[in-house]
1. Would you point out which residue out of K301, K276, K283, K323 is over 22 Å from A215 (Cα atoms), surrounded by 24 or more Cβ atoms within 10 Å (Cβ to Cβ) and modelled with pLDDT of 95 or more?
2. Within segment 358-374, is there a residue that is open to solvent by 10 Å² or more (accessible area, probe 1.4 Å), outside any helix (DSSP H, G or I) and at pLDDT 95 or above?
3. State all residues of segment 1-24 that are open to solvent by 50 Å² or more (accessible area, probe 1.4 Å), without any contact (Cβ under 8 Å) to a residue 60 or more places away in the chain and closer than 19 Å to R430 by Cβ; if no residue qualifies, say none.
4. Residues of segment 310-337 being in contact with a helix residue (DSSP H, G or I) (Cβ under 8 Å, 6 or more places away or on another chain) and within 16 Å of the ligand (Cβ to nearest atom), which ones?
5. Looking at this structure, is G380 under 22 Å from V427 (Cα atoms), away from the ligand (no atom under 16 Å from the Cβ), small (G, A, S) and in contact (Cβ under 8 Å) with a residue 40 or more places away in the chain?
6. Can you tell me which residues in segment 39-66 are of a type outside the set (S, T, N, Q), within 16 Å of the ligand (Cβ to nearest atom) and open to solvent by less than 30 Å² (accessible area, probe 1.4 Å)?
7. Scan D246, D271 and give me the residue that is touching a Pro at 6+ places or on another chain (Cβ under 7 Å) and open to solvent by 10 Å² or more (accessible area, probe 1.4 Å).
8. Only one of these conditions is not met by Q445: (1) in contact with a Lys or Arg (Cβ under 9 Å, 6 or more places away or on another chain); (2) under 18 Å from V84 (Cβ atoms); (3) open to solvent by less than 10 Å² (accessible area, probe 1.4 Å); (4) touching a residue at least 60 places away in the same chain (Cβ under 8 Å). Which number is it?
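The values are calculated or read from the model by the stated rules, or taken from the named source; none is laboratory data. Owing to the predicted nature of the structure, the values given are computational and were not obtained by experimental measurement. Ideal geometry is used to build each Cβ from the backbone, glycine not excepted, and the neighbour counts take in all protein chains shown. When the accessible area is computed, the model is the full protein with side chains, heavy atoms only, and any ligands, DNA or RNA have been set aside. Shrake-Rupley method; radii C 1.70, N 1.55, O 1.52, S 1.80 Å.
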Amino acid sequence: MSKILFKNGIVVNSPKSKKLDLLVSGEKIIKLAPKIKATSDMEVIDCKGKYLFPGFIDGHTHFDLSVAGTTTIDDFYSGTKAAVSGGTTTIIDYGTQYKGETLEEGLKNWLNKAKDGVSCDYGVHMSISDWNEKAKEQVSLMIKEGVTSFKLYTTYDVKLEDKDLFEAMQEISKCGGITGVHCENDGMIAALRSEVKKEDDNKVKMHPLTRPDVAEAESVNKVVYYTENSGCPYIAVHVTNKKALDELKKAKEKKLPVYVETCPQYLYFDDSVYNKNFSEASKFVCAPPIRKKSDSEYLWKGIKSGLVDIVSTDHCSFTMKQKELGKDDFRKIPGGVNLVEYRGALLFDASCKKKIKIEDMARVLSENPAYLFGLYDRKGFLKKGFDADIVIIDPKKKTKLSVKSQVSKSDYCLFENKTLAGKIEKVYLRGKLVAENGNIVLENQGKYLKRKKYKII
Ligand SMILES: [Zn+2]
């Protein structure tokens with residue numbers, strides 16, 4: 001069995017990083033100690049002055065998904081390559097049960113999408129869009145199959161009406177699952193969108209005005225109350241703003257099983273991006289929309305204070321040409337952004353700038369996702385017995401983000417020409433070096449993960 005000794009690095013686990021040597025044998029971490037003696041059967045990697053992170057887990061991706069009459073440009077093959085190039089060694093994609101399908105069929109269809117090869121480990125959440133007796137029956141089957149987390153929507157054509165949404169939460173709770181909910185008040189959005197004047201149809205700046213923060217906060221508030229009654233653990237996915245976050249803060253103070261996810265687009269940008277010309281502004285169209293600067297500052301503080309539990313990407317990527325589907329009507333722009341490969345580099349830069357601590361980064365990118373998505377027995381931590389998913393970052397180097405070096409198939413980068421402190425040098429997936437300096441060196445090593453039930457953080 002091949003052994004790798006990572007020497008002299010700083011091992012990052014919350015609450016405190018430590019200077020430790022770390023020994024890997026085969027796919028697992030077998031020892032951590034202040035000093036491990038190198039023997040002739042070990043490959044030695046000198047990590048002096050460098051950080052070792054547990055491989056990042058992205059619990060919110062959409063690969064090979066049909067949206068607004070088109071399909072995301074990244075499928076499982078290209079999307080997982082992009083992920084692992086940026087240190088994300090596990091993704092959990094949103095599989096969908098479409099109307100007329102059973103959950104079992106939805107899962108089968110989704111797992112089929114991985115047939116061309118997958119470059120990081122992966123799991124699937126199940127989005128329920130057709131709640132009926134059969135779906136109710138199959139919630140426990142999903143959990144048996146290792147699909148222990150679900151997704152429900154309050155808007156879009158996959159939305160569930162109140163009764164179905166509540167019943168689904170009751171059943172998920174009964175079976176020991178957890179659910180993410182996309183929260184935006186559908187009626188409010190529909191009314192605001194129908195009021196848009198003809199001459200404003202082509203203006204992207206209408207996008208945030210027709211999906212306001214209160215539509216999100218109202219819906220979050222409703223689902224918090226559903227949690228209170230059903231007991232179903234609820235992850236508020238892609239939280240964008242202070243009003244919604246305050247509802248969730250109250251729920252957490254009541255000790256309800258409520259968790260908060262946000263994404264880099266809401267941390268790094270503000271809604272002035274929608275005032276630019278169409279080709280620029282349309283790149284940033286996603287739902288919920290990007291909010292005010294004060295909201296993003298509030299989210300950063302939430303990461304620091306522990307109010308925000310996880311940072312995922314909601315990677316749902318398109319090309320500029322696909323975004324042009326909404327050239328005459330902003331409502332037809334396929335919503336989504338391309339971030340799966342940038343999240344780790346962005347948050348490391350934020351830790352260098354003291355916006356967050358380095359341990360916060362491990363917590364929101366690796367540890368908390370491992371707890372919520374049932375991977376805490378093998379991923380999310382650099383510990384003995386865990387998978388050797390390891391990200392090595394050199395803080396002295398820099399990273400320049402650009403579409404030129406992008407692995408995702410999307411033809412633009414939201415952070416074009418941005419320079420970040422630190423560089424993700426090496427990424428190991430279960431003991432194998434799979435990416436180096438942003439380039440894939442070994443592809444198609446990903447495995448499907450049957451997940452345990454969530455664990456309360
Ligand atoms: Zn999403």
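1. That would be K323, the only listed residue that is over 22 Å from A215 (Cα atoms), surrounded by 24 or more Cβ atoms within 10 Å (Cβ to Cβ) and modelled with pLDDT of 95 or more.
2. no
3. Listed by number, the residues that qualify are M1, K3.
4. Step one: list which residues in segment 310-337 are in contact with a helix residue (DSSP H, G or I) (Cβ under 8 Å, 6 or more places away or on another chain), which gives 310-315, 317, 320, 323-327, 330-334, 337.
Answer for segment 310-337, where residues must be in contact with a helix residue (DSSP H, G or I) (Cβ under 8 Å, 6 or more places away or on another chain) and within 16 Å of the ligand (Cβ to nearest atom): I310, V311, S312, T313, D314, H315, S317, I333, P334, V337.
5. Yes: the conditions hold for G380.
6. Start the filter on segment 39-66 by keeping residues that are of a type outside the set (S, T, N, Q), which leaves 41-60, 62-65.
Then drop every residue that is not within 16 Å of the ligand (Cβ to nearest atom), which leaves 57-60, 62-65.
Result: I57, D58, G59, H60, H62, F63, L65.
7. Numbers: D246 fails: touching a Pro at 6+ places or on another chain (Cβ under 7 Å).
Being touching a Pro at 6+ places or on another chain (Cβ under 7 Å) and open to solvent by 10 Å² or more (accessible area, probe 1.4 Å) holds for just one of D246, D271, which is D271.
8. Here Q445 clears every test but (3).
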